Amino acid sequence: MKRRHRKKILIVMAVVLILCIAELIRSNTYIQTENITFSSGNIPESFNNCKIVQISDYHNQGSNFRKRLISIIDSIDPDYIFLTGDISDSFCTDIDAADDFLEEISETAPCYLVWGNHDYRIDSRLLDKMRGCADKNNIVVLEDDFTYISRGTDKVLITGTVSDPSSDAARSMLDRYPHEDAFSVWLHHYPEDFEKITDLSRVNGCQADLVFCGHAHGGLIRFPFIKGLYAPGQGFFPEYTRGSYEYKGTQMIVSAGVGNSSITKRFLDPFHLVVCTLEKT
């Protein structure tokens, strides 16, 4: 009886181990697409049903992964692509690979980009090379700046910050901020700054309607009732990891990213591609 009992325990342990290995492979290879509809009366008529793909935390994934990711995005046929930081990786500084990604993704739809912490950690010459690649491929890079997206007779204000929203650089940008009731989108790498962005944009004349962020990598390890174990900038049991959040009338969408940095791996947390459709109400 003892032998049988021991054998059952070994079988259960083997099954659990196999399932854990299978989940590790899935979480670190599978690209999950999440469709999110953002509804608002502030959306201009010409932007109704506009489809946006958000890409975050690419971290210099390999060429085979790049081809698979871009193939998925091509099949979605987005109107715009928002890149919310960490295109490169400070531990794997193959900037040619990052440039290849930027060049290929720019062929799918107009792209708007903000850098993340890994992009700023690499050698400044390498980042300048990425800036040059983005410029050559008509990718709009927003470093504490704003611009407009025009569509039909309407326009949308799009802001991109790479600094803390309360920093001198961001405040200098906000001194020039338009005081108008435009539909406002904000790109920022760090979701922990969500409430600052909402409050500062409101005070400075044009409250952000929709914020796109990344950085949290979904919390890396997720279980039922635990929406992420750890995220940089938020620590253990982070609040903002993936999906939609709301604060004072502003909605934030957090991408869990499509890449890993260094030796970090995910569990029950697959790569995350956001498809956001604007719906005028």
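Details
- Candidates G228, G257 - the one that is touching a Pro at 6+ places or on another chain (Cβ under 7 Å), part of a loop (DSSP other than H, G, I, E, B) and surrounded by 17 or more Cβ atoms within 10 Å (Cβ to Cβ): G228
- Restricting the stretch 152-166 to residues that are over 21 Å from the mean Cα position of the chain (by Cα) and not small (G, A, S), the residue that is most open to solvent (accessible area, probe 1.4 Å): T153
- Odd one out for K227 among (1) without any contact (Cβ under 8 Å) to a residue 24 or more places away in the chain; (2) in contact with a Ser or Thr (Cβ under 9 Å, 6 or more places away or on another chain); (3) closer than 23 Å to R68 by Cβ: (3)
- Yes/no for S56 being within 18 Å of the chain's Cα centre (by Cα) and hydroxyl-bearing (S, T, Y): yes
- Here A182 does not qualify as more than 30 Å from D269 (Cβ to Cβ), outside any loop (DSSP other than H, G, I, E, B), more than 18 Å from the chain's Cα centre (by Cα) and modelled with pLDDT under 90.
- Hits in the stretch 52-75 - residues which are open to solvent by 30 Å² or more (accessible area, probe 1.4 Å) and out of contact with any helix residue (DSSP H, G or I) (no Cβ under 9 Å at 6 or more places or on another chain): N64, R68, S71, I72, D74, S75
- Complete set of residues in the stretch 15-41 that are over 30 Å from S262 (Cβ atoms), of a type outside the set (S, T, Y) and open to solvent by less than 80 Å² (accessible area, probe 1.4 Å): V15, F38, G41
The values are calculated or read from the model by the stated rules, or taken from the named source; none is laboratory data. All of these numbers come straight from a predicted model, not from anything done at the bench. As a convention, Cβ positions derive from the backbone with ideal geometry for all residues, glycine included, and neighbour counts pool all protein chains shown. Note: accessible area is taken over every heavy atom of the protein model, side chains too, but ligands, DNA and RNA are not part of it. Shrake-Rupley method; radii C 1.70, N 1.55, O 1.52, S 1.80 Å.
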